[in-house]
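Asks: Okay, here's the structure, questions in a sec.
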């Protein structure tokens, strides 16, 4: 396995671990590392195309999971903010008539 393919695999595995822990800071850093790997793949002359395709498909699956998790987290925050706003409005009404 070439060094570039190994780096992609290691980065993918690290992304999976960071996602499991919901470590968004690590995910951001690993995303940058992944982009660097992609640049290296494009500049490398001899890469096993089948292995590269398999690695990239697996990486795509991880990114789909990341997107789903981020969307879920965003929705949970939006719901929480909505509940806070409702509670603040209720508190204002209570103080008006209390």
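Asks: So I have (1) 21, 44, 25, 9, 2, 0; (2) 14, 38, 29, 11, 6, 2; (3) 14, 34, 20, 12, 10, 7, 3, 1, and one of them is P(r) over Cα pairs in 10 Å bins from 0, in percent calculated from this model. Which one is it?
Replies: (3)
Asks: Using only Cα atoms, tell me the angle between helix 24-43 and the longest principal axis of the chain; keep it within 0 to 90° and round to the nearest 10.
Replies: 30 degrees
Asks: For a footprinting-style exposure proxy, rank 92, 65 by other Cβ within 10 Å, fewest first.
Replies: Lowest count first: 92, 65.
Asks: Taking a ≥ b ≥ c as the square roots of the eigenvalues of the Cα gyration tensor of region 24-66, is the shape rounded (a/c under 1.5), prolate (a/b larger than b/c) or oblate?
Replies: Oblate shape, in that a/c is at least 1.5 and b/c is the bigger or equal ratio.
Asks: Another question, if that's okay. Based on the Cβ-Cβ distance of residue 45 and residue 77, what FRET efficiency does E = 1/(1 + (r/R0)^6) give at R0 = 30 Å, to the nearest 0.05?
Replies: Working from the Cβ atoms, E equals 0.10.
Asks: Further, regarding this structure: Once fully extended, how much extra length lies between residue 93 and residue 21, figured as 0.36 nm per residue of separation less the alpha-carbon to alpha-carbon distance?
Replies: 21.9 nm
Asks: Suppose the chain between residue 38 and residue 10 were pulled fully straight at 0.36 nm per residue; how much longer would it get relative to their current alpha carbon spacing?
Replies: 8.8 nm
Laboratory data are not the source of any read-out in this text; all were calculated from the coordinates shown. The structure displayed is predicted, hence computed values, not measured ones. Cβ: placed from backbone, ideal geometry, glycine included. Neighbour counts: every protein chain shown.
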